[in-house]
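Undergrad: Quick one: the structure is below, and I'll ask about it shortly.
FYI, it's all coordinate maths here, none of it is from the lab. Model, not experiment: these values are computed from the prediction. Heads up, the Cβs are rebuilt from the backbone with ideal geometry, glycines too, and the neighbour counts pull from every protein chain shown.
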Amino acid sequence: MTSVSADIVVRRLEAADWPVLKAARLAALTDAPEAFASTLEHELDYTDEQWQEWLASTAATFGAFRTGEERGPPAARIAGMAAARVRPRPDQPGEHTEWRLMSVWLSPDLRGTGIAARLVDAMREQARRSGAGLISLWVTDANERARAFYIRLGFEPTGRHQLMPEQPDLWETELAQPLN
């Protein structure tokens, strides 16, 4: 685990990294279509400008990169990603902001190595620095591995459940963690 994890660099994506985001997102939708509230077919039609806007609309997006492959094509370089959007808290207007993890994915060959936790940790730290009081996410009930992963990281069920927007036969559960 340590050697693989050490060969990965986690950093925040910048505007020029939109091709890397595109590669990671399409890989994620191909690998785990049931885990996301969008579809590969939908996002394959995105223009370059839409990918740029996707990245710009996030509070933060972090990428996990395989070291030594920084100059390769985006699909070869990116090993994982985590993205979040800011969501105002209606129950505490103006005081606490909630960050919503909306896309976390790690290449299947790197799962179980601790890299996904590094991505989520980077996001939590960025959210804390921004003054957020809470970080939350939705996870499909069928994705037991992801649910167990988030619970190990300290996320707890909020009691909220909903049908996935793009896949109305799948239920998802909200998990959250205070950022004190």
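Undergrad: For the chain, modelled as a Gaussian network with Cα springs under 10 Å, which listed residue fluctuates most, ARG129, ARG11, ARG66?
TA: In this elastic network of the chain, the residue with the biggest mean-square fluctuation among ARG129, ARG11, ARG66 is ARG129.
Undergrad: Hey, what number do you get for the chain at 222 nm if only DSSP H runs of n ≥ 4 count, each worth -39500 (n - 2.57), divided across all residues, to the nearest 500? Present the calculation step by step, with values, prior to reporting the outcome.
TA: Details: 7 runs with 62 residues, N = 180.
-9500 deg cm²/dmol, from helical runs alone.
Undergrad: While we're on this one: Which order do ARG12, ARG100, ARG87 fall in if you start with the one that has the fewest other Cβ atoms within 10 Å?
TA: Numbers: ARG12 12, ARG100 19, ARG87 15.
The fewest-first ordering by Cβ neighbours comes to ARG12, ARG87, ARG100.
Undergrad: Taking 8 Å as the Cα distance limit and 6 or more residues as the minimum spacing, I'd like the relative contact order of the chain as a percentage. Can you show the working numbers first?
TA: Values: 307 pairs, mean separation 36.8, N = 180.
Over the chain, the number comes to 20 percent.
Undergrad: Separate question: Could you line up LEU29, LEU170 from fewest to most neighbouring Cβ atoms inside 10 Å? Before the final figure, lay out the partial values.
TA: Details: LEU29 20, LEU170 17.
Lowest to highest Cβ neighbour count: LEU170, LEU29.
Undergrad: Also: Where both residues lie in the chain, what percent of DSSP beta bridges are antiparallel, nearest 5? Provide the component values of the computation, followed by the final result.
TA: On the way: 32 of 36 bridges.
Around 90 percent of the beta bridges assigned by DSSP in the chain are antiparallel ones.
Undergrad: Neighbouring Cβ atoms within 10 Å as the yardstick, rank MET102, MET81 fewest first. Numbers along the way, then the final one.
TA: Values: MET102 19, MET81 26.
The most exposed by this proxy come first: MET102, MET81.
Undergrad: For the peptides 103-110, 34-41, what is the packing order when you average, over each peptide's residues, the other Cβ atoms within 10 Å and list the highest mean first?
TA: On the way: 103-110: 19.0, 34-41: 14.9.
Highest mean packing first, the order is 103-110, 34-41.
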